[in-house]
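Reviewing the structure listed below.
The values are calculated or read from the model by the stated rules, or taken from the named source; none is laboratory data. Computed from a predicted structure; not experimentally measured. Cβ placement follows ideal geometry from the backbone for every residue including glycine, while neighbour counts extend to all protein chains displayed. Accessible surface areas use protein heavy atoms only, side chains included; no ligands, DNA or RNA. Shrake-Rupley method; radii C 1.70, N 1.55, O 1.52, S 1.80 Å.
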Amino acid sequence: MQVIDKLIEQLRGSAKHNPAVQEAPVAVLWTDEACQWQSAMPLIKQCIPELLELGEYQPDQRIGPAIWLKCAIAGVLEDVTLPEGRTPIIYLSKIGRKALRAIEECPDYLRPLAELQYRGSWWAYNTAGRDWSISSFLTNPRVGLELDVAKDKNTLDVIPQILKDLLETRVEDLQGKRLEAKDFQSLVFNDPIKDLLGWLNHPEGKRSQWDDNKWLLFCKTCSSQFGYEPSDANYSQMLAALLSAQGSWQEVWLRFVDTAHNLSGLISALRTITPDLAADLSHYPGENTHDEQSLANMLAGLHEHELSAVRGRIASLYQQHKERESWLWYRLGESKYLEILAHLAKVAELTQQVFNHQSPAEMAELYEEHFWQADAAALQAMALAKEPSQQELVANVLKLIYSPWLNEVSLNFQKLVKLNGYPGNNEIKEATADYQAKGMVVFFVDGLRFDCAKKLEQKLDARNLVVGVKTQWSALPSLTDTAKAAVTPVAGLLSGAFDSQDFKPLVAATGSEFSSYQLKKALAQQGWQYLEGLDTGEPDGLAWLQTGDLDNLGHQQQRKLPLGIDDVLEEVADRICHLLDAGWKQIRVVTDHGWLWLPDQLPKADLEKPLVRKYLSRCAILKDNASTSLPQVEWYWNSAVSLAMAPGVSAFTAGDYYNHGGLSLQECLTPVLKVTKD
């Protein structure tokens, strides 16, 4: 990792948000009143194509006045094209945060940007809004690099002078020692390979950064060590030498592999080089691009094969292309179809296996051990498809291998429930009775399906937390109004009315509908804290917290749900860490229900209107004494209320890719996570 990689990570991380409850920031504002970062801005902009700079109008350098910047981030300028999926970053040299915050006193040239502080986010040192100095970034243990940098004036003066070279330095070369002025000065002239790659990446830009003496030294070094004097005439030959990786160029190639993510200009130039017959094709980005296009065509043509052969065809394609996972271009994210194919191959492998058993509980065991990975792989394949054309392609493949399997598994589960009954009610009551340990937060995440919980477990493991995962059944129907109430600490105070139209239970003592207000009131009466926002409460008590709304994301995004799951889980993991750091002993993560997601919409099911009191997507309330051949269950809060469930993965309403409320493992088998520090 180079120093600039950490800088990029932190700048882009400033735009993190929860798409379920927050609007995405329109821009990240980077103020630099002392102009410490200004000298390296050309290099930084090469590595961050979404970075714009306030200044005199120079559109080819992505520099312009405030009104131009506003138009650029709005995407209405022909001379500026920002990368999709990246939040624009606006660098404000000679500007402090307080200059924007005092809108009435804001100078006219800056005023168009002032409102971005409300629609954007800041890259700032702390909540007080201090600018990031270079030295504070290098030494900060939480956000920066935690380096040991001397604080004397000589050292602090040298750092901005050699900033460009510092940013291209490997972090490991700076760690483990006291860094003083002489150490930073030595970065400028001791690494010819770094200089060679920098010149190959941007010949004109690199030359403009050096004085004549350094340029002559560089030319002599290249000629003696690498066999070429840098020039326009030799440029293509030097590119070919890099790709051949022979002799002294082998070390250059190895360094290129380490730093290629910051050398987009060089990668573009390498695409023009054609390999000879003896070449190592893995070195040539054009070969990877050709293979990617071929793979996309093969995946698009799968519908032409017999359905019985599609899964085998996917497995064969993966074996054919798997070697490219070791290529540099895969690590750089330029093999997106291969990444997608790996998950499609997992779906194909799991969905060709028979998934049934003797009882719902035994089916659940198989799902926990093995088959949840089919759902996870389907979602991940779709999450990797960022472009509309990729999304259509992945959806069409999943229609062939995932949708029929999911329907069959759901029908199998429903048959077992009809024969053996639904195993959930007693288990739910036992689980909520286990909440009384002091120092515990019950963290409710709406719609945390089991496969998403396994992904959350991985994120918590990566944060060095101890995580245990078990399951419990959702209250029926698997809807928020019914099932959330059943996992609250006050579930024992509730009941259900026979004439309910919306599955909301009542507070038994008063007959009041169980609302958010009633939940807070009942929790307070039982001695529970209700945490909101970033509150941490009193860690020696008991608390309820609810955030991370996957269910709302699913209803809003429908087929695009997979693209937003990771952001929600990151927010949940961060919040758990925050609570444990505040002194809580245990976080118990619970949810109300899972859900179904299909790439081709839930098929429409029919139920005669005379039988129905109320329709929902995956279930319906039947009239008194009404009967149907569809699966039937009782309402959790009042067993006298009979429900009809849509068969398989179908729905009584049309048009949804995402919904819940029915009878399937994916909707009814819910996770419970116990998280501690040790």
Residue count for the range 1-57, restricted to those that are under 25 Å from residue 172 (Cβ atoms), more than 18 Å from the chain's Cα centre (by Cα) and not charged (D, E, K, R) | 14
Within the range 629-663, of all residues that are open to solvent by 20 Å² or more (accessible area, probe 1.4 Å) and touching a helix residue (DSSP H, G or I) at 6+ places or on another chain (Cβ under 6 Å), the one farthest from residue 495 (Cα to Cα) is 657
Give the residue that is nearest to residue 41 (Cα to Cα), with candidates limited to residues of the range 202-239 that are free of Cβ contacts under 8 Å to residues at least 24 places away in the same chain and not in a helix (DSSP H, G or I).
-> 210
Could you identify the single residue in 328, 350, 366, 307 that is closer than 30 Å to residue 264 by Cα and either at pLDDT 95 or above or not small (Gly, Ala, Ser) (or both)?
-> 328
Show the residue pairs that are 6+ apart or on different chains and have beta-carbon atoms under 8 Å apart, the first residue being within the range 459-470 and farther than 13 Å from residue 578 by Cα, the second being open to solvent by less than 30 Å² (accessible area, probe 1.4 Å) and of a type outside the set (A, V, I, L, M, F, W, C).
-> 466/676; 469/671; 470/671
Within the range 425-440, is even one residue closer than 26 Å to residue 561 by Cβ, open to solvent by less than 10 Å² (accessible area, probe 1.4 Å) and in contact with a Pro (Cβ under 9 Å, 6 or more places away or on another chain)?
-> no
Of all residues in the range 454-472, count the ones that are open to solvent by 40 Å² or more (accessible area, probe 1.4 Å) and touching a strand residue (DSSP E or B) at 6+ places or on another chain (Cβ under 8 Å).
-> 5
Check on residue 345, small (Gly, Ala, Ser), over 30 Å from residue 253 (Cα atoms) and crowded, with 20+ Cβ neighbours inside 10 Å = yes
Expected single match for surrounded by fewer than 17 Cβ atoms within 10 Å (Cβ to Cβ), among the hydroxyl-bearing types (Ser, Thr, Tyr) and touching a residue at least 40 places away in the same chain (Cβ under 8 Å) among 335, 316, 326 is 326
Checked the range 473-513 for anything open to solvent by less than 50 Å² (accessible area, probe 1.4 Å), over 34 Å from the mean Cα position of the chain (by Cα), under 20 Å from residue 428 (Cβ atoms) and not aliphatic (A, V, I, L, M); matches are 495, 496, 500, 505
Determine which member of the set 451, 446 is touching a residue at least 40 places away in the same chain (Cβ under 8 Å) and either part of a helix (DSSP H, G or I) or open to solvent by less than 10 Å² (accessible area, probe 1.4 Å) (or both).
-> 451
Which numbered condition residue 93 fails, given (1) under 19 Å from residue 67 (Cβ atoms); (2) at pLDDT below 85 | (2)
Could you figure out which of (1) closer than 20 Å to residue 365 by Cα; (2) open to solvent by less than 60 Å² (accessible area, probe 1.4 Å); (3) assigned to a helix (DSSP H, G or I) isn't true of residue 380?
-> (1)
Residue ranges of helices (runs of 4 or more DSSP H) in the range 300-355 with at least 1 members farther than 30 Å from residue 262 by Cα and in contact with a helix residue (DSSP H, G or I) (Cβ under 7 Å, 6 or more places away or on another chain) | 307-321, 336-351
Total residues in the range 189-204, condition modelled with pLDDT under 90 and exposed (fewer than 15 other Cβ atoms within 10 Å of the Cβ) = 2
Residues of the range 101-119 being among the basic types (Lys, Arg) and modelled with pLDDT of 85 or more, in sequence order, are 111, 119
